[in-house]
Amino acid sequence: VGTVNEYQRYPFTWKKVSQQFEKLKKITLEKQDYRINLSHTLTTLNMLTLPNLLIWWENQIKEANSSGVDYIITSLPHIQCVNQPQTLDPIYMPKQMKEDCRFILSNFENGLNNELKTKYKPALDNIRTNVLDVEVDDAKQKEVWNKMKTYLKSLDDYRNKNVFNYLPYMEKYW
C-alpha cells in the first residue's frame, strides 16, 4: 500500500495502482461474473507493513459488501514469502526486525474482531513459524543483509530514489 508499493513495484505509483483497481471493480460490477482476490508476496521490505495491507484489503471488502454486489472474494488472501532474490527473503531480517515484526503482527491480531482473527490466524501463524521463528546463522544473515543493502543502493542510484523516503522504518535496521 502506498509508498511501500511504489518502492517495491517501481515505476508504478500507488495512484496508478488504485486507478487500475477501481477499473477492475467497475468491470466486476458490470459483468458480475468476475471476482477479485488478493495475492501478496512478503519481503524484507514490506514485512512490517503487512497489517496496513490487510486493513486496506478489509476496507475494500467492506466497500464491496456495502454496494450489494459480491465482487471481492472475502476468504483469506493468498500470502507467500519471496525466496528469490535471497536478499529480499524475510528470514534474513535482523533479529530485532523480526522481533518488531512479531510485535506488530501480535498487535494487529489482538485488534481484530473474532471473525477477522479467525480469518487471519492461519496466515499469521504461518508467518511466525516459517519466517520469524526461523533461525539463520548469524554470519549468513549478515552476509545476505549486506547484499540486500548493496542491491537497494544500486537500485536507488539507478532510480534516483532513496529507500528511506519510501520505507523510513528500514533506517532503524540499516
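The values are calculated or read from the model by the stated rules, or taken from the named source; none is laboratory data. Remember, predicted model here, so these are calculated numbers, not experimental data. Cβ atoms come from the backbone with ideal geometry, glycine included; neighbour counts cover every protein chain shown. Accessible surface areas use protein heavy atoms only, side chains included; no ligands, DNA or RNA. Shrake-Rupley method; radii C 1.70, N 1.55, O 1.52, S 1.80 Å.
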Got at least one residue in region 74-88 being in contact with a Lys or Arg (Cβ under 9 Å, 6 or more places away or on another chain) and under 20 Å from residue 23 (Cβ atoms)? no
Can you tell me which residue is surrounded by the fewest Cβ atoms within 10 Å (Cβ to Cβ) among those in region 131-169 that are closer than 22 Å to residue 105 by Cβ and among the aromatic types (Phe, Trp, Tyr)? 169
Taking only region 95-107 into account, find how many residues are over 15 Å from residue 130 (Cα atoms) and surrounded by fewer than 17 Cβ atoms within 10 Å (Cβ to Cβ). 4
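Yes or no, residue by residue, for (1) touching a strand residue (DSSP E or B) at 6+ places or on another chain (Cβ under 9 Å); (2) over 20 Å from residue 119 (Cα atoms); (3) free of Cβ contacts under 8 Å to residues at least 40 places away in the same chain; (4) open to solvent by 50 Å² or more (accessible area, probe 1.4 Å):
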| site | (1), (2), (3), (4) |
| --- | --- |
| 2 | no, yes, no, no |
| 6 | no, yes, no, no |
| 35 | yes, no, yes, yes |
| 38 | yes, no, no, no |
| 53 | yes, no, no, no |
Might you check whether a residue that is at pLDDT 90 or above, of a type in the set (Val, Ile, Thr) and in contact with a strand residue (DSSP E or B) (Cβ under 6 Å, 6 or more places away or on another chain) occurs anywhere in region 67-82? yes
Exception for residue 27 within (1) of a type in the set (A, V, I, L, M); (2) modelled with pLDDT under 95; (3) within 28 Å of residue 118 (Cα to Cα) falls at (3)
Quick one: which residue in 130, 114 is in contact (Cβ under 8 Å) with a residue 12 or more places away in the chain, of a type outside the set (Val, Ile, Thr) and under 27 Å from residue 55 (Cα atoms)? 130
Would you check if there is a residue in region 131-142 being under 16 Å from the mean Cα position of the chain (by Cα) and either modelled with pLDDT under 95 or closer than 22 Å to residue 169 by Cα (or both)? yes
If you go through region 165-172 one residue at a time, do you hit one that is closer than 18 Å to residue 50 by Cβ and touching an Asp or Glu at 6+ places or on another chain (Cβ under 7 Å)? yes
When residue 123 is evaluated against the numbered criteria (1) open to solvent by 90 Å² or more (accessible area, probe 1.4 Å); (2) of a type outside the set (D, E, K, R); (3) within 21 Å of the chain's Cα centre (by Cα), which criterion, by number, is the only one it fails? (1)
